[in-house]
Amino acid sequence: MSRQRGSASLELVGLLPIVVLVCMLLLQGAAALFATQAASDAVRQAARADSLGGDPRAAAEAALPGGLRVEALSSFGPGHGARLSVRVPRLSPIPQIIVTREAVLP
């Protein structure tokens with residue numbers, strides 16, 4: 001009977017690192033989704049500023065929430081296109097993720 005009581009503790013200790021890793025990966029996925037949505041909005045603002053003759057970088061930086069910053073911004077195309085890259089905050093041991101989004105306005 002006493003051997004069974006100790007085995008449950010060992011199973012919990014063995015399973016705990018896996019549970020922690022899965023939670024960290026889920027949080028990293030949520031951060032990536034958040035950064036992707038924020039980058040999509042910021043690149044639209046940058047393209048809009050470019051089409052109106054404003055500063056696309058300032059518009060993109062103003063549209064990004066705190067904790068995210070413009071990694072790279074470029075203009076392209078015959079229309080007013082913008083390509084924006086944002087670094088996803090690291091919440092897990094996986095390699096750094098950079099999200100790139102594009103938008104074109106007439």
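The numbers here are math on the coordinates, done by the rules we state, and not lab data. Please read all numbers here as calculations on a predicted model, not as lab measurements. Backbone-built Cβ (ideal geometry, glycine too); neighbour counts: all protein chains shown.
Within region 1-60, count every residue that is over 26 Å from the mean Cα position of the chain (by Cα) and more than 19 Å from V104 (Cβ to Cβ).
16
Filter region 50-64 down to the residues that are in contact with an Asp or Glu (Cβ under 6 Å, 6 or more places away or on another chain) and among the hydrophobic types (A, V, I, L, M, F, W, C) and list them by number. Even if it seems obvious, please write down each step before you answer.
Taking region 50-64 first, the residues in contact with an Asp or Glu (Cβ under 6 Å, 6 or more places away or on another chain) are 56, 63.
Of everything in region 50-64, just one residue is in contact with an Asp or Glu (Cβ under 6 Å, 6 or more places away or on another chain) and among the hydrophobic types (A, V, I, L, M, F, W, C), namely A63.
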